[in-house]
Every structure is written in C-alpha cells, then in structure tokens.
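Just below is one structure, and these are the notes that go with it.
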C-alpha cells in the first residue's frame, strides 16, 4: 500500500507538464484535435487527485488549451482550488488561469471573495501582487463591493510594488462599484504625489482614465496636474497628463491659455517623438477651445502645422500616419492653415500604405470649400479609376459622397454637377455601395427642388440604360441605383420630357431580373408615370394615344403579377386591375386623368431620422400608467411576463425626457427658428414645416435656372462632371464681373460708400453664390420636438455611472463596506463597531434592495440625468437609515440630510472659485516654481471640505478636539523633557552657543530651556522662528508632530502685540494644500479662518495652537496664510491683515524618541533602510555642541557617542526610523544616514545642512 | 486602456492571448484570425497602426503592432493611449522577454507561455500600463522566479520527508544520510 503511494508520487513526476503537452501537440499535427481530447481526459484525471502540485500542473495545461480556443470553464472550481494553495507557485498558476477564463457570469467567483481577501493581506507581497493582478481581470460588482476597502488599504502599503498595483486596480473597482469612487478618491489623489514614480504614474493613469469619460468632474485637479506636468520628467506620465489636459481644455478655455506656453516649450525642447506628438495634439485641443476670437495664437497654430508637416514628410510611416491624424484635428477649427498643405495631403493619397491613404482621405473631407470642392472631387474620381482592389475604391466612393453631402450639402454650388458625379459613380464595377448612391440621388432630388428637372432627365437616361447595370444583381450592388431612378422618375414625372419612353423603359421584360424590392418600386412608379402620361395625352384631341398607353400597361404588367416576390405581385395585380378599369372608362370616352393623378397627389417631404423619437407625449397621457391592471401576485411568479413589461417601460420612458417646462421649450424652439432663418438653405417663412404639405408651393414658384444647353445631357456613359468644372469657373467669372459692375454703379450712386473691401482682391468663400437658388427642404420634425443632446449617449456605458461629483463632501452613508470582524479596524470606537456590524448584517438585505434599484435603473435609464442620480443617491441614504432602525431617530436623520443637501453647493462654489483663482493667474508665471506653489495651494480646498482620507470614520466631535490635542501635546511635552534630560546627561560638557533667535514667550520651549539651564549654561535655543511681522503684531511659530496621531502636527503660534492699540478679532487662516490642511471646527467651510481665542492688549503676547492634518510627511511644505485682526484705538478701529508662510519642515515631523544601542544595531542590520549621506564643511563648533543642535532642532536623540563619532536616532510621526551616524574630523562633519523613506531622509539631511549653514 | 494583447506567429498561430474584456473562446479565436488577416497582409515598411478592427471595440480602438522575426505583437488600444507610447511599450516588453529568456525566440514563447504571461503581468495590469521601466520589470520577475524555485525545492524535499506514510515507508529502505539532509 505505502509503496503504491510512493510509486504514485514518482509517477506524478513523469506526468505531462506544459512543455510535454506543447511538444505532443506539435508532434500530432495531423490529428491535433484528437490528441488534445485525450490530453483533456488526462487533465480531468489529474484534477481528481488530491495532490495540489498535480492539480496546478493540470490547470497550467488548461490555460494553454484555452489559448487554442478550448472552453475550460468546466474546470473553474479546480482553478479556485489551485488559487487557494498556500504556495506562491501554485497560487500564481491558479490566478493566471482565472484571469484568462473567469468572467462576470462565472459562478464560482462568489467562492473566491475570502480567498482573495486573505491573499490581499498576505505578508508576502508577491501573493498580494498576484491576487491583485488576477482580480484586475475578473473583478465583478460583488467582488468590487466586498474588497474595495481592502484594496483601498493597500493603496498605502509600504511597498511601492503593491501600492502601484492597488492604485491601478481601483479603476476597475470604480467601474464595477461606482459608489466606491467618492470615498476612495482623496487617497487616490494623494497618490499623485507618491514618492515612488511607479505609483505616481499609476495614479495619473487611473485619474486620466476616469477624467477622459467625465472630464468636468476633474477640472478641479487641473492645478495639481499642471504642477506635475512642469515637474515630472517621466515621459509616460507626461504623455498621460498632456492627453488629459486635451480632454479638460474644452471645458475651461482659460486653462488652455495657461497651457500654451509650457506646451510650446515642451514641443521645442523634447526629443521624444511620442511626447512631441501628444503636445501638438493638446495644443491643437487648446486652440480649438480658444478658437473664437483669439488671433494672437496663430503662431501656435503655425508651429503645430509646421511640426506636423515635418512628421508627414518623414520617411517613418508611423509618423506620417500620426501627422495626418493630428492634422485632421486642426482642420476642424483652422481649415485655412491646413488647406495650404493640400499638395502634401493629395500626395499622401498615392501612398502605398492604405492606413495613410485613408487618413489623407479623412483630411480631404475637412479641406473642401465651395471653391475647391469640384477640383478635389475631380482628383478623387481619378483615384477611383486608378484604384486597385474594391475595398479602397469603395472607401473612395463613400468619401466622395461624404465630402459632397457634408453639413447639408454646404459646399455644393452646383447640384447638376453633383448629380452627374453620382451618375458617373454608377459606372463603378463591383461596388457594394449602390444603396449609398441611390440614397444620395433620392435625397438631393427630394430636398433640392430646383434640381428635379435635371435629376429626372438623368434618371430617365439611367433607366433607359438599365441593362448596363443589371448584370450585377447582387444585393447592395449598383442596381440599387435603379431603385432611386425609378422612384424619382415616377414621383416627379411631371418634369419628364418624354414620359412615354420612360414608361416603356420601366416595363421592359429585363426588369424582372432585378431584385424584388426594386421591381416593386418599378411597378408603383410605372403607375405614377401612367397617370402623368394619361394627363398629357387626354389634353390632346386624339384619344388613341392614351388608350395605347393603357394597352401597353395591360400587356406588360402580367409579367410582374407572376413575380415570386409578394410585394411586386400584389402591387402589380392591383395596378393591373386599375388600368383595366381605366381602359374601360377610356373606351367610353370618360376623362379619367384627373382622378388617376389624384391617386398620387401631394408632396412627399423628408422626415428627420430622429423625428419619431421626438414626438412629445400629448398632455394627459401617462405612459407609465397601466393599460391593463398588472397581473396579480400569484401570476407574477413566473418571470416571463414581468420581463416583457419591464422592456416596454424602457421604450416608453424614452420620450419622457421631453417633459421640460414649457418656457424652456418655447425658448429652444425660438432659437431653432432663428437658426433656420439665418441658414440660406432652409425655407424661410414657413411657420411649421408640416404645413408645407398643405400649402404645396408648386413648382412654378421655384426659380429655376436655365440649363446651359451646351451640356450633353443625354449621352450616357460619358464623364460629364468635368464640363461642369469649366462651366462653373465661367459662371463665377461672369458673376464677379457683374458684381463689379454693380459695385461700381452703387459706388457711383452712393459716392463710394461702404463696399470698398469687396472691389478687388481674391474671391472669398462668401462671394461664391450657388448656381441655383436652391431650396433645401428641412427635414421634418414633430411640432414640439426638442433638440436634446443626450441622444447619442449609450445608456449602457459603464462610465456613465462614474459621472460623480467628487468635490462634494463625503456623506457617512458613503463609507465603503467594512467587515466588522477585521482586526485592522481595531482603532474604531465600540459604538462604531456596532454600527459596522449592523451594516454587515444588513448586507444581504442591501443586495435585494440593489436588485430593486437595478430594476428602477432600467426604467430610468434613459433620463438618468445627473440630478436624477443625485436624488436617487439621496433616496438610498434615507433607505439606509431606515434600515438601521432604532439607531437613528427622526430629527437626527433629518438634520443630517439637510446638512448634506446644503453642503454641496457651498463646496462647489468654493472649488470653482479656487480654480478661478488659479486660472486667473494667467499669463503663466515664467517661474514654474511659483506656478507650482500656486498649484499646490489652490486645489486643496475641495478636499479640506471634510472628506476624511481614510475609510475609518472620524467621528470624534470636532469641538472638543483642540482641548484634546492640547492634552496630548502636554503629555508629549513632559516625555520630551525627560528625554532631553537623558540626552543631556549623556553629553557631559556643553558650551553655550549663540542662537539667532530667541523667544521669551511661554510654551514648552521656555520650560525646556529652563531645565537645561539648571545643568548647563547652554544658550537658550528655541525652535520658535519668526513667521511674520508688521508694525502691529509679530508672529512666531513652532511645529511639533503628534505621536498619538500619525497625521497631525500642532503649530504653536505666539502673537505679540507691538503697538499701542488693542488688537482684537484675530482670525487665523491658511490656504490648505492637498497634503496639509488646517483642522477647522465641524461645519465651517474650507476657507473659513479660525478665531484666535484671545485678544491682545498693548505689549502683551500670547500663544495659540492650531492643529493641522498632514498626509505625506516625506516632503517639506509651505502653506500660505493670512491673519486678519482689528486694531482698536480710543478713537478709531481699523481692519488690518498680515500674510505669512508657514513652513512645515521635515524635521518638524520627527519626534525625539530614545533608542537603545542594541535595538539600534538591529534596526541597521535589518536592511530595510535606505542609505544617504551628507558632508558639512567648515563647521567650527565643538562636536557635542553640534550634536545638541541636531538634537534640538531636528528632534534626534543620541544613541551612543564614541569620541568624535556619534549615532543618533529619531522617529517620524508616521513611524519612519531615521538613524544618523555623525563623524567629525577637523572642520568637516560627515553624516551618514539611514531611513526607510529616502525622500524624507533627503529632506531631513538638507534641513540639517541648512541649520549649520546659517551659523 | 488596452483591450487586448495578442502574440501570434507568421502563420497566425497564437502564442499568447490576453483579453482585458470578456469574449467567448470562439470569439477570441475569431478575433485572432481576423487580426492576423489584417496584419499579415501589410508590408513591413508601412505604418504600425491599423484602424477598423471592427470585431474588437468600435472606432475608438486601434490596432498597434510590431513584427519581430516570426512573431507579431499586437495591442488593441483605445484613444486614451498614445500610439507611439504603445509602440515603445511593445519594444520594452520584447526587450524584457529577451533579458528574461536570454535571446528570446519563438520557441521560448511556445514552451513557456506561462512565464511570458507572468512577465506581461508586470508590464500591463487589467488593461492599464503598470510599469515601463525594464530594469524594474526584470527585477520583479526575477524575485518571483527565485521565490518559485525555492518553493519547488522545498516541495521536493517535503514530498519525500514530511508525509508520515512516506517516512514510514522509506525508513527501512533509505539510508540515514537521506533523512538527515537539512531541509
């Protein structure tokens, strides 16, 4: 038995591994499928074994087979088993397989939640990494909800490797669980300034991705990104940021102005093509946003176009392609600057690379004007003839039509020319776009009334030559054109020169080979033609002609009656009977023409494609109301009917967004009318386009230009459009001459008045008048239709859910769900714990409510405007509170609600004004440093508005906070004194040292100084340094970290009254930065100042403390602030203010902590610390003195001192260890330092250097 | 965002596929076939961007590819990625493979698809670029490989020694020095 097992385990070693599988497949080329199916059987056996190594091997092989297209979802459970192995090797295999084949509907995913949570918190960073990578591929809404908090915690992991992965995956979490965006956003933003470039780049990546979809919510981050852009050297980050700015500038033109200069600098300086290209792109976006009335940016446009030309002329096809791509963006707003490069672009049409040819075609689309349209299309027609391969030719064809039909045929001055182009295009062989040409023909013929005569003539020729096309009967083939031709000839038959001939052409036996739907049109329109012919013939005295026509119909129609196509047959037999009846009447000499014509009377008007959607719901009709009572409860158990109702509701609700208030509606209608009135192509003075139908203006009212008879209209198969180019030139020439004459006349009359500018010079765009006074009939819209913008948005777009206002302060209900039993939440107060537990126990309920919500979503999908969503969220808040039951009583809940409702607008305006402040600083300060500090200062406020960066609720009543921190700091003070004493005892001899600054104000330092003086006559040192001074008041400050709270520092400020007046109502205010914020009492806005709790009589000084929260302590920071106060004399009082800059040094984040030498040694050995060193030259003070200064100013303690060498230690408020080894020889002092945070260390060393350079 | 990464050879045989959006296996194979069809008919001296991979994403998406010897590396990306940036990224990825496999060739990818995946995971995560610094990528891959190696070694020993049944069985048969071998 035992031997068997051993044998089994040895066998296992000879199981097929991945390499064997691959080799096997390669050796069985001819019966691969069979071989693989045996392999899958083996794998199934392996998966049944208990040994995890065997399972992992099997799963690994499955991953390979999945790549070959085999469905391996049957092994999903085994994959989960392998994922949960404790060995990294197997775990990795499991997660890889999961990421390749799990998706949202894989049901075993539910089982993974706890395993993934365990892996995320694994002590091994690579376990965490693998879990994050895997999760990023198969995260579901449920996983996202359950793990959001764990992932958020990982965003502050000590290892940058984990941090960057956690940051990246948050994007996926946001997509699946949009509620997590707001709670997580502050921390994400914080990561933009992470010391690790990888993390920073990940954060930039995520925010860019978010901002791309909903840019307006991220506008407030612009200053921060601006700072990053001017400071970062990582091209990847730069590219992302620059791309992001491209998305932001359309929303805020002032941002663009700020960007132009740094971007142009980058364009000039960078050597990286990718960066250069993105810069150009964004400059273009900026220019587009500024396009109205900013002539002074022509230099930038020129620069862009110039650079792009270089790209396009480059031999590298990639650059050529991108150059053309970017060029097409400039084109939209600055067509003139691009049009000068027409030669280059036409040249690209000949490129061997299809991608480039297509791009060039795109450019042509935007480059046309009234002036050059004919010329460009002529070139394209040449390319059509030359083009090899039908795909490219078809592409050319669609492009020609696009170019001509763009913006309502704006550039076409001569529709006869266009019709001839269309006719020429019908001669293309093997094109798939017959229907496109057909629809153009129809569109033009219907909408341009003046062209109908010409169009009908051309169509008649086409019908006559139909045999040329009928060879190609495939669907969508060119014969589609006949559909249009037949319809036009029928509908506008009154314009036909020879209707009998056309009628005859339409009834040829060959027609029966055409596709059914075309035959149907033929039959129907033959009837129309018949009516016209009858009318013209009945006018004649000879009635036989009319009877002959009827006879022709009766002879030919039976061909169609036999058609296999139902519609053709039906129409043909109807019409046949009709004609037979007419014939009978004719034989009785009854005049029937009028009545027959009445069958087809009336004008057909085009209807806008969106018209149906925009029909407003009539008053009093409630589409949501049940037509029949809903089925009773018992019936609704089976899901089928429910689903149907749900669907129907979505359809109906579409129209509901038209229920905007009546005024707005009227306003918009007015605007639209105005617009139409200004558009020469719209029929004016028709109050509603619907009425056009009744009024039927009649053809005789339309001014029709005489067709120049020199055009050989009737010769089919000859390129005619070319002649139009010449004709058009002549016409324009004539026009110009005439105009000049007129002008001269006018000038004579008016004595050379206003029209001077037109008399000479090149012909401008406006001068070209269309050859026809063309009416383009408006597409019809329902009476009250709304121009709504959200038509094109896809309601299923996941990014829509992420359109969330990020500046609004967090509501309590928005905290991420946290598992109550998790150890990490130990900091929580018991009450909160209870709440969390309650929340956790509510989870299943929530789920069901979520289902309900989803249903609701379905209903509301289409009108899910932002407001709606807000409301919904609100409702959810209420619901949550209801569910909490007894915990929240009525009034409390209500007040919370109102406060929440009231807060957003305030915060919003604050944020907007901040941005305004930053933006109003244009033009760009040449000193980027300055810009950076500005940028730092500006964006802070919106986060200051109360969003706690961590998920742990900070529910301490804020009013009591100052007291508490006071207590803390006093405790801390005592400790510090002790330490200080210890230090002093170690260092026996101390000398006095002069210090540049001395403070007599109370506070801890004076006490400290006192204690020192007892032992050593050391000069009174003080950390209080001058903050600001005016003739009224002097401010000095000291900054101390708070050991109890890793994110708090206390700033003690001494206010000294220097004048003879009474100072009162002092208000201390600081412009928060992203990283550091003044703690303000609850309820006050991010801009509110703090009242200093005392008044100053003349000559008196007093100290006040302010608590700041800092997030990252690795960098020093400066905050701008203002003190406002009232100076009160006996006779007057004035309002004064004093600006200051608070400097948070890194040393102020350090806390003197004693450390024993063995612990110190261990710390150094651990190898987690990064090394750095600094040398100080010319230090003349004695060594112990130097140590004392480091101890005092930088909060270190001496661990050990041996002669001229000492080791020192300190800890930051966030627990970073900082170790120093200070050595001196002569006047040189070298400091070797180690710290687990290199940035922090670097800054501390700089500050030490600074201290010694000052003396 | 990167929507998919495909590596296939000159004959269209997939060597690695990585979709960041769910497609059924059949759809995946069809996408590979169509992509191969689009890419393979292009000369080496034309541009590396392709539009109209209609199967994968809409007009917002582009195929960006590079052709190395017998392999095509194709990235399908949307407009938030920089075209030239992705070309650089492909280069970084291939150079990383070259470092990790020491003169990488198609055979390495054929027989070590899993390893290629692990390397790719350090470059792109969930469709977003994770790391572009080659040294950092190689370092992380190597640390994980070492971790795997040590586990495999451990496992081999455990297999022989830790199972009680095994030990009983091997006791009489295996000489002393085997048991004493340090774990």
What ranking, highest mean first, results for peptides A:1157-1163, B:67-73, A:1091-1097 when packing means the other Cβ atoms within 10 Å averaged over each residue?
B:67-73, A:1091-1097, A:1157-1163
For segment B:2-141, shape from the Cα gyration tensor axes a ≥ b ≥ c, cut at a/c of 1.5 then a/b versus b/c, turns out rounded
Cα centroid separation - segment A:1047-1085 against segment B:75-105, whole Å:
52
A:1026, A:1138 arranged by Cβ crowding within 10 Å, fewest neighbours leading:
A:1026, A:1138
Rounded to one decimal in nm, the spacing of the 7 Å Cα→Cβ label points at residue A:19 and residue A:398 is 5.0
Suppose the chain between residue A:612 and residue A:574 were pulled fully straight at 0.36 nm per residue; how much longer would it get relative to their current alpha carbon spacing?
10.6 nm
FRET efficiency, residue A:1156 to residue A:1246 (Cβ-Cβ, R0 25 Å, nearest 0.05):
0.30
Segment A:1140-1228 shape via C-alpha gyration tensor axes, a/c threshold 1.5:
oblate
Give me A:279, A:137 sorted ascending by neighbouring Cβ count inside 10 Å, so fewest comes first.
A:137, A:279
Using 0.36 nm times the number of residues separating residue A:513 and residue A:378, minus their current alpha carbon distance, what extension gain do you get?
45.2 nm
Residue A:736 paired with residue A:391, simple spin-label distance in nm, labels 7 Å along Cα-to-beta-carbon
4.4
Viscosity 1.002 mPa s, temperature 20 °C: what is the translational diffusion coefficient of segment A:14-133 from Stokes-Einstein with a Kirkwood Rh over Cα pairs, rounded to a whole number of µm²/s?
145
Rounded to the nearest angstrom and ordered from largest down, what semi-axes does the equivalent ellipsoid of segment A:131-274 get from its C-alpha gyration tensor (root of 5λ)?
29, 17, 12
Over segment A:410-449, equivalent-ellipsoid semi-axes from the Cα gyration tensor in Å
19, 12, 7
Stokes-Einstein D for segment A:237-283 (4 °C, 1.567 mPa s, Kirkwood Rh from Cα pairs), in µm²/s, comes to 124
What's the percent breakdown of Cα-Cα distances in segment B:1-82 across 10 Å bins, shortest bin first?
18, 58, 23, 1
P(r) of segment A:393-499 over all Cα-Cα pairs, binned every 5 Å from zero, in whole percent:
2, 13, 26, 25, 19, 11, 3, 0
R0 of 45 Å, Cβ-Cβ distance residue A:1067-residue A:71: FRET efficiency to nearest 0.05:
0.05
For the residue pair residue A:628 and residue A:551, what label-to-label distance in nm results when each label sits 7 Å from Cα along the Cα-to-beta-carbon direction?
6.0
Rg and Dmax of segment A:495-629 over Cα atoms: what are they, in angstrom?
20.1, 68
Most exposed first, judged by fewest Cβ atoms within 10 angstrom, A:529, A:566 run A:566, A:529
Once you average over the residues of A:1030-1040, how many Cβ atoms of partner chains fall within 10 Å of each Cβ?
0
On average, how many beta carbons from a partner chain sit within 10 Å of the beta carbon of a residue in B:81-91?
5
Potential lengthening between residue A:497 and residue A:408 on full extension [0.36 nm per residue; Cα-Cα distance subtracted]
29.1 nm
Other chains' Cβ within 10 Å of B:111-118 residues: what's the mean?
5
Based on a Kirkwood Rh over C-alpha pairs, give the Stokes-Einstein translational diffusion coefficient of segment A:335-379 at 4 °C and viscosity 1.567 mPa s in µm²/s.
122
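Taken together, the values in this text are just the output of simple stated rules run on the coordinates, not laboratory data. The shown structure was predicted, so the numbers you read here are calculated from the model rather than taken from an experiment. Methodologically, a virtual Cβ is constructed for each residue, glycine included, from the backbone with ideal geometry; neighbour enumeration extends over all protein chains shown.
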